[in-house]
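What follows is a set of notes on a single structure, which appears directly below.
The values are calculated or read from the model by the stated rules, or taken from the named source; none is laboratory data. Because the structure is predicted, anything quoted here is derived from the model rather than measured. In this analysis, Cβ positions are derived from the backbone assuming ideal geometry, glycine residues included, and neighbour counts consider all displayed protein chains. Areas reflect the complete protein model, heavy atoms only, side chains present, ligands, DNA and RNA absent. Shrake-Rupley method; radii C 1.70, N 1.55, O 1.52, S 1.80 Å.
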Amino acid sequence: MNPEPHRAPNPGLRRFSVVWGGQLVSVIGSALTAFVLGVWVYTGTGSVTQFVLIQFCAVVPGILLAPYAGVVADRHDRRRIMLAADLGGGAVTALLLVAASTGGLAVWQVYAATALSATLNTFHLIAYTALVPALVPKEHLGRINGFMQVTQGVQIAAPLVAGALLGLVGLRGVLLVDVVSMVFAVGALLVARLPEEAVRPPGAGDVDRAGVGAGLAWLRGAPGLFALCAVFGAWNFLFAIAGGLVQPLILSFASPATLGVLMAAGGSGLFAGGLVMGVWGGPKRRVLGVYLGLALGGVFLVLHSLAPSPWLIGIAAPAFLFTLPLMNTCCVTLLQTKVDPAVLGRVLAVVRVLGTAAMPVAFLLIGPLTDGVAEPLMAADGALAPSVGAVIGTGAGRGIALIFLVVGVLMLALAAWAWTRPALRTADDLPDAVADEAAAAERTTP
């Protein structure tokens with residue numbers, strides 16, 4: 001019997017690995033810069049408001065500009081979009097470096113740089129995500145998207161490295177590292193020989209006149225995917241509330257040093273989830289991964305509330321963050337395989353708007369909900385002290401625990417509601433819009 005011939009790696013996978021490696025280095029550099037700039041603003045002003053304004057500048061541009069980024073990604077060369085965004089990000093960081101080196105760095109410059117970087121990142125991310133399904137075989141999309149989730153874990157772990165670098169090389173040194181990381185990203189994009197079908201899908205011109213509304217119109221014609229976006233948006237809203245309160249929850253019963261350890265533990269869960277999804281790729285029916293992520297996420301959020309214990313959070317937080325790559329990978333892969341490539345950028349833009357638009361609302365609700373409602377309810381003499389307080393405790397910080405309990409239950413209810421949607425349950429049965437491995441290999445010849 002003749003041995004089975006060796007199967008060469010798909011050229012699309014090789015090219016993606018080059019691009020992904022460069023982007024990963026760039027993400028590390030950007031995360032280092034974001035952390036040290038926040039430290040610089042807070043230590044220089046002592047103002048929590050001015051510190052939080054950085055987060056506002058980092059979120060809002062993506063919400064406002066994502067629809068236009070989707071149009072650009074569908075009409076123009078996606079590699080050039082990514083190159084322009086990387087070069088623009090490097091230029092912004094270089095200007096900050098010059099300002100810091102001459103002693104002229106001001107807080108307003110940090111806000112402007114953060115908003116501009118967020119704008120460039122929005123265009124970059126949508127073009128990057130839309131490029132992937134045209135570059136790699138369909139059967140590998142889940143694994144590839146899993147590896148792309150690893151960058152989120154890296155972003156959470158980056159402050160640990162940034163703190164050490166800040167002491168060794170200072171603000172200017174960290175900014176220089178970020179500029180160098182951008183060079184790696186640009187170099188990887190220039191080296192990778194991406195096929196024309198990946199950088200600009202055929203048929204894009206047929207829907208150009210539809211503009212920013214094409215993504216929403218396409219989703220409304222695919223009820224299962226529209227329901228998926230609604231679920232994803234609700235999940236993001238609940239996640240934003242929990243994410244905004246996890247640090248105050250920990251600080252209500254532990255020291256800042258313990259907070260740092262637990263945040264690193266949470267990042268390890270996110271990083272591990274990305275690696276697992278990179279190896280596994282997720283279930284064959286992606287929607288099952290969505291249901292599983294919602295259900296497990298709800299359970300782990302409830303666990304956060306049960307006791308003021310660092311050990312409990314040390315288990316529940318990484319476990320919860322482990323579910324994020326599962327949710328994100330399954331959602332993105334389902335969209336990439338089912339959406340018409342000619343409008344994929346605009347559909348991804350709609351999904352991004354639905355997801356990120358909930359974040360500012362959640363952040364605005366956190367303060368009044370915690371201080372004005374939950375904490376008084378869970379005080380020693382509060383209205384819920386005899387009932388819920390008997391389970392999760394009373395006193396300072398237990399109001400935050402109550403919010404975690406409610407958010408966890410709501411996430412479980414969201415999972416149950418999603419299961420009752422027949423269109424969503426059958427979303428995997430929609431016709432595929434991307435080619436199989438043989439076709440992808442044929443069009444991406446070395």
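Computed quantities for the displayed model
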{"item": "Cα gyration tensor shape of the chain, rounded if a/c is under 1.5, else prolate or oblate by comparing a/b with b/c", "result": "oblate"}
{"item": "Relative contact order of segment 273-413, pairs being alpha-carbon contacts under 8 Å that are 6 or more residues apart, as %", "result": "35"}
{"item": "Accessible area expressed per residue, the chain, with surrounding protein chains retained (probe 1.4 Å, Å²)", "result": "44"}
{"item": "Rounded FRET efficiency, nearest 0.05, which uses the C-beta distance separating Ser17 from Trp311 and R0 of 35 Å", "result": "0.35"}
{"item": "Between helix 11-45 and the chain: long-axis angle, C-alpha atoms, 0 to 90°, nearest 10", "result": "30"}
{"item": "Simple label model, 7 Å out from Cα along Cβ direction - Ala413 to Val180, nm", "result": "5.2"}
{"item": "Estimated inter-spin distance, Leu377 and Glu196, nm [label 7 Å along Cα→Cβ]", "result": "6.1"}
{"item": "Segment 412-428 - phi-based ³J(HN,Hα) in whole Hz, Karplus 6.51/-1.76/1.60, Gly and Pro as x", "result": "5, 5, 5, 4, 5, 4, 4, 5, 7, 8, x, 4, 6, 4, 9, 4, 5"}
{"item": "0 to 90° range, to nearest 10: angle between helix 223-251 axis and the chain longest Cα axis", "result": "40"}
{"item": "Gained length - Lys284 relative to Ala264, 0.36 nm times residue gap less alpha-carbon distance", "result": "4.1 nm"}
{"item": "For segment 167-178, Karplus couplings with θ = phi - 60° (6.51, -1.76, 1.60), whole Hz, Gly/Pro x", "result": "x, 8, 10, x, 4, 5, x, 5, 4, 5, 4, 5"}
{"item": "On Cα atoms only, tilt of 256-280 relative to the major axis of the chain in degrees", "result": "30"}
